[in-house]
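J.: Handing you this structure, nothing more for now.
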Amino acid sequence: MTVRVGVVTFPGSLDDRDAMRAVRLAGAEPVALWHGEHDLKGVDAIVLPGGFSYGDYLRAGAIAARSPIMAEVIDAANGGMPVLGICNGFQILVEAHLLPGGLIRNDHGDFIRRDQKLRVESTDSAWTNGFTAGQEIVIPLKNGEGGYIADDATLDRLEGEGLVAFRYVDVNPNGSLRDIAGLRNERGNVVGLMPHPEHAVEAGFGPDTDLAMRSGTDGLTFFTSVLKQSVLN
Amino acid sequence: MSDAVAPAIPQPDTVDNAIATPDKHQPYDALGLKADEYQQIREILGRRPTSGELAMYSVMWSEHCSYKSSKVHLRQFGQKVSDEMREHLMVGMGENAGVVDIGEGWAVTFKIESHNHPSYIEPFQGAATGVGGIVRDIISMGARPVAVMDALRFGAIDHPDTARVLPGVVSGISFYGNCLGLPNIGGETWFDPVYQANPLVNALAVGALRHEDLHLANARGVGNKVVLFGARTGGDGIGGASILASDTFSEGGPTKRPAVQVGDPFAEKVLIECCLELYREGLVEGIQDLGAAGISCATSELASNGDGGMVIDLDAVLLRDPSLTAEEILMSESQERMMAVVEPSKLDAFLAVTAKWDVETSVLGEVTDTGRLVIHWRGEKIVDVDPRTVAVDGPVYNRPMQRPEWLDALNADSARALPRASDDSELRAQALRVLGGPNQADASLITNQYDYYVIGNTALAMPDDAGMIRIDEESGLGVALATDANGRYCQLDPYAGAQLALAEAYRNVAATGANPRAVSDCLNFGSPENPEVMWQFARAVEGLADGCLELGIPVTGGNVSFYNQTGDVPIHPTPVVAVMGVIDHVDRRLPSGWQDEGENLYLLGV
Amino acid sequence: MPTIVVEVMPKAELLDPAGKAVAGAIHRLGENRITDVRLGKRFELHVDGEVDDALLDTARQLAADLLSNGVIEDVVSVHVADDAHASTGA
Amino acid sequence: MPTIVVEVMPKAELLDPAGKAVAGAIHRLGENRITDVRLGKRFELHVDGEVDDALLDTARQLAADLLSNGVIEDVVSVHVADDAHASTGA
Ligand SMILES: Nc1ncnc2c1ncn2[C@@H]1O[C@H](COP(=O)(O)OP(=O)(O)O)[C@@H](O)[C@H]1O
């Protein structure tokens, strides 16, 4: 049975088609979901893609987090459905309180695009189980408001419970506290991160690697992980 | 406006009124019209223009919209063409953007345009709205925009004003392009004090479409509805119109009319998706973006290119600022708006699509066969013109030209006169100085702010010599683009300089493995009223046209930007040339960098 | 037209890089009496009609739920503007 | 520690995309008495020592030159915060 992965399009979503392509390349069936509806169309997992939903003028992700479909996404996530938030999707998850903390303007003030090295800190999640703990991967990062902040107590709890899913390696591109690039929730079904795995799924269009330019496909594992998980369930 | 002071009720200057008061003084000169141009308008109409008509003529006959000084020269691009150059051309010069067949049922449309002056006044918004404008040109052809590029010229890198202009321009381009989700796949950055108070911000957009999706901007079909959709109309960019407003208002009229426009890339992104859905569902007959000259331009051009007549009710325009006068509404340059021609039977479906995307829409009027563009406001007829006299048959000038007297001396003063390095260390110091110059420096401070990953089809981008985009995911068909210019060569010899820019862009595209197929250009020059500048312009156009004929690729469109000068000092002539090439499979692309150890290096050419 | 002003600031105990950048720029201009800067938001909500208590309550609710993110920001004020402090709405 | 508050708003006659987006969100939540929203900035300048007239003048100057962009924004207020309206400085 093919696994069906929903990709939500909000007004201002940009990487929705890329996320659908990534789902397809991983062997699952992408299903387009619309922000204004309450219908999850019976999908097995959900991706909240990157972009600038509603222009991100208020706080990144803030308005999208209050859209009709998010009521369903929040319920589904609380019920255990795998949900991945990429960049703006991560911001939406945070604004929807599915993950703690907040994302603010990069400390240097500018939008930045770079091929970013990450360390996988937690493989106990629906979207990271295909990695090995401590594995270093390279996937593109592109954001203006990617600085992760939370108070010290929250940060300590995240560390203590192993909920930091990804950390920036070599360069902290946006001033994120404790180099946090991505988080998972306690249950492991919800994962959010600033870098873009869906831009590292197809050789020729991904980040540069030592082997060849634009050959990086480390992002594919996110999508194959959820496939494996969904098939097992 | 606060409620306390009720806005004065503007008295519309009606057509009847214009007939009744033939001798009323009109501020045509303050609107940029010359006395003979104003006289010409009076002759065309057989009476004085209403202030609304004067607003329309003044913006549409401006250099920017009418190409009145450049037209006689630009004709060469259409004349110096061979069959080879026509072979792939689906839409040539004169439309919003040219369209080129790239095979497999696909076509590509691309164009480069300037936003120089606004970017000096307000770098962030000026550059941002420059990207927004060129992208709307691409959408209006029926294409999905797939990438942008930017060619930039700044003053001295260590000048304090460059520290204001450069970060603003770059973050404006970054903000708008990134929010639209269009990969930025390349461009140029150049520093020279001649651009100090007149930076150049040229933005390019490229879009892809299936052959059958091609749309042209025309208003055909009597009874078809004329619909305005997108952002509301506000007082943006109508500094000039306030002259008319103060003429119309007896007193207490609006005074605060900003010359700058603020862009909303989110609104434009939604507009793109909305337009593409309208095309897909076959709900529009013709479509036109609103840029400079706003509704004046869109109505007169749509009507001119179609059945020739249109009747519009200006009260139906949704306003952001209800105090706008008719003249201001006609001239407003509010961003993120489009005008469409829609069959009445499809209007409901059209409105359903715009509602789905939360895009505000209003029906302004309809297409007629009267040959007249008639505009009503507050129940009165305020415009009644032959639209072609506004949009097409404007004034054309054969401006005087003169080869600059200083040119020979400048050419004679060559590098040969400079002292040679006397020893190795001096040579080393000179080489390092050249390599350390800002124009050789790594551009990543700029390019790192641009997203080239979005859409997932970018095969080449910075730091490669050309950008490359996959158009068809199944077949791998793609296009490569490069932009180049060198103002210093053009200052020495505008004919050869333009050809060098063309040759460089052509080489940059060819070096990726793509076959160069078409050209767009943005011609940045000083004042056309300066005979030396006009000579430079004519020579550059001739050089470019001859070069294109030689290389066998047509100019499909572009943009002329005059009046780039500080005081009386013009910038170096800077024709920016963009070349687009086709590659059957992007997997066969060649990047600029070395890929593996042990590869051999060859130097080709002379 | 009456205006409700909502003021939102980053929480004092959290990082505010934007404010820090402004403070740095002020110090580079030689002004050192200003030790620290925080950068927040100021919303003007233009109201059609009277501002009654119910509407002010609604505004407070909006300020807490939508206009600020309680995890990283504080609402420092919700008040009806006296004319001096409101920009003129178009 | 005394605080000088600087309030900056987008010019009324210009488009304010941020305010527009927020107004849209408020309307979707069903609140239509709020017709229009403008979104500006609120700076808190924390001062070491007394705020005298000279420093307030300096703050006004900074507000005009650095904290706002006169082409598209207006400084609507520069004032010393009463405690109620300032977030607690760290
Ligand atoms: N303003 C810009 N926008 C986008 N890309 C740029 C810009 N300036 C330079 N680039 C890109 O940076 C790279 C290096 O530029 P440049 O140093 O001008 O290259 P070259 O000297 O080889 O022409 C190229 O890929 C170019 O496309």
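The values are calculated or read from the model by the stated rules, or taken from the named source; none is laboratory data. All of these numbers come straight from a predicted model, not from anything done at the bench. Reconstructed Cβ throughout: ideal geometry from the backbone, glycine too, with neighbour counts over all protein chains shown.
J.: Is it true that some residue in the range A:176-193 is part of a loop (DSSP other than H, G, I, E, B) and basic (Lys, Arg)?
T.: yes
J.: Just checking, which of B:Pro167, B:Pro199 is crowded, with 24+ Cβ neighbours inside 10 Å and within 13 Å of the ligand (Cβ to nearest atom)?
T.: B:Pro199
J.: Okay, next question. Within the set of pairs 6 or more residues apart or between chains, which connect a residue that is surrounded by fewer than 24 Cβ atoms within 10 Å (Cβ to Cβ) inside the range A:191-202 to a residue that is among the polar types (S, T, N, Q) with Cβ atoms less than 7 Å apart?
T.: So the pair list comes out as A:Glu202/A:Thr217.
J.: With the condition kept exactly as written, say whether any residue in the range A:59-76 is surrounded by fewer than 21 Cβ atoms within 10 Å (Cβ to Cβ), within 15 Å of A:Gly192 (Cα to Cα) and away from chain B (no Cβ under 14 Å).
T.: Yes.
J.: Can you find, within the range B:147-163, the residue that is nearest to B:Ile112 (Cα to Cα) among those that are out of contact with any Pro (no Cβ under 7 Å at 6 or more places or on another chain) and surrounded by fewer than 24 Cβ atoms within 10 Å (Cβ to Cβ)?
T.: Here the answer is B:Thr162.
J.: Only residues in the range A:205-216 that are closer than 23 Å to B:Ile471 by Cβ and facing another protein chain (nearest Cβ under 8 Å) count as the first member; pair them with residues that are among the basic types (Lys, Arg) and assigned to a loop (DSSP other than H, G, I, E, B), Cβ under 8 angstrom, at least 6 apart or cross-chain, and list the lot.
T.: A:Phe205/A:Arg214
J.: Considering only the range B:471-521, state which residues are within 14 Å of chain A (Cβ to nearest Cβ), within 22 Å of B:Leu603 (Cβ to Cβ) and either of a type in the set (D, E, K, R) or within 15 Å of the ligand (Cβ to nearest atom) (or both).
T.: B:Thr512
J.: Sticking with this structure for a sec: Would you be able to say whether some residue in the range B:102-112 is closer than 29 Å to B:Trp535 by Cα, within 16 Å of the ligand (Cβ to nearest atom), under 13 Å from the mean Cα position of the chain (by Cα) and outside any strand (DSSP E or B)?
T.: There is no residue in the range B:102-112 that is closer than 29 Å to B:Trp535 by Cα, within 16 Å of the ligand (Cβ to nearest atom), under 13 Å from the mean Cα position of the chain (by Cα) and outside any strand (DSSP E or B).
J.: If a residue has to be assigned to a loop (DSSP other than H, G, I, E, B) and within 23 Å of the chain's Cα centre (by Cα) to count, how many in the range B:69-87 make the cut?
T.: Number of matching residues: 2.
J.: What do you reckon, is B:Thr458 modelled with pLDDT of 95 or more, within 13 Å of the ligand (Cβ to nearest atom), in contact with an Asp or Glu (Cβ under 7 Å, 6 or more places away or on another chain) and among the hydroxyl-bearing types (Ser, Thr, Tyr)?
T.: For B:Thr458, the condition - modelled with pLDDT of 95 or more, within 13 Å of the ligand (Cβ to nearest atom), in contact with an Asp or Glu (Cβ under 7 Å, 6 or more places away or on another chain) and among the hydroxyl-bearing types (Ser, Thr, Tyr) - is not met.
J.: Right, here's the next one. Would you mind stating whether B:Gly467 is within 14 Å of another protein chain (Cβ to nearest Cβ), within 13 Å of the ligand (Cβ to nearest atom) and among the small types (Gly, Ala, Ser)?
T.: Yes; evaluated as a whole, the condition is true for this residue.
J.: Within the range B:103-129, count every residue that is among the small types (Gly, Ala, Ser), crowded, with 24+ Cβ neighbours inside 10 Å and in contact with a strand residue (DSSP E or B) (Cβ under 8 Å, 6 or more places away or on another chain).
T.: Here the count works out to 5.
J.: Just the residues that are aliphatic (A, V, I, L, M) and modelled with pLDDT of 90 or more, please, taken from the range B:3-52.
T.: B:Val15, B:Ala18, B:Ile19, B:Ala20, B:Leu33, B:Ala35, B:Ile41, B:Ile44, B:Leu45 - these are the residues of the range B:3-52 that are aliphatic (A, V, I, L, M) and modelled with pLDDT of 90 or more.
J.: Oh, and also: Can you find a residue that is at positive phi and either modelled with pLDDT under 95 or assigned to a helix (DSSP H, G or I) (or both) anywhere in the range A:81-100?
T.: no
J.: I need the full set of residues from the range B:568-586 which are touching a strand residue (DSSP E or B) at 6+ places or on another chain (Cβ under 8 Å) and surrounded by fewer than 24 Cβ atoms within 10 Å (Cβ to Cβ), in order please.
T.: Listed by number, the residues that qualify are B:Val582, B:Asp584, B:His585.
J.: Let me ask something else about it. Check B:Gly130 against each of (1) more than 27 Å from B:Tyr453 (Cα to Cα); (2) within 14 Å of the ligand (Cβ to nearest atom); (3) assigned to a helix (DSSP H, G or I) and name the one condition it does not meet.
T.: If we test B:Gly130 against (1) more than 27 Å from B:Tyr453 (Cα to Cα); (2) within 14 Å of the ligand (Cβ to nearest atom); (3) assigned to a helix (DSSP H, G or I), just (1) comes out false.
J.: Let me ask you something else. If the requirement is being in contact with a Lys or Arg (Cβ under 6 Å, 6 or more places away or on another chain) and of a type outside the set (Gly, Ala, Ser), which of these qualifies: C:Glu31, C:Glu7?
T.: Answer to the check: C:Glu7.
J.: Go through the range B:313-332 and give me each residue that's surrounded by fewer than 23 Cβ atoms within 10 Å (Cβ to Cβ), among the small types (Gly, Ala, Ser) and away from chain C (no Cβ under 14 Å).
T.: Of everything in the range B:313-332, just one residue is surrounded by fewer than 23 Cβ atoms within 10 Å (Cβ to Cβ), among the small types (Gly, Ala, Ser) and away from chain C (no Cβ under 14 Å), namely B:Ala316.
J.: Quick check on my filter: what residues within the range B:170-193 are within 9 Å of the ligand (Cβ to nearest atom) and in contact with a Ser or Thr (Cβ under 8 Å, 6 or more places away or on another chain)?
T.: B:Asn184, B:Ile185, B:Gly186, B:Gly187, B:Glu188
J.: Starting from residues that are more than 15 Å from the chain's Cα centre (by Cα) and either assigned to a strand (DSSP E or B) or within 7 Å of chain C (Cβ to nearest Cβ) (or both), keep the ones in the range D:30-45 and report whichever is surrounded by the fewest Cβ atoms within 10 Å (Cβ to Cβ).
T.: D:Thr35
J.: Output the qualifying pairs, or none if there are none: Cβ atoms under 9 angstrom, residues six or more apart or on different chains, first residue in the range B:179-199 and within 14 Å of chain A (Cβ to nearest Cβ), second residue within 8 Å of the ligand (Cβ to nearest atom) and part of a helix (DSSP H, G or I).
T.: Pairs found: B:Asn184/B:Ile173; B:Asn184/B:Thr447; B:Gly186/B:Thr447; B:Gly186/B:Asn508.
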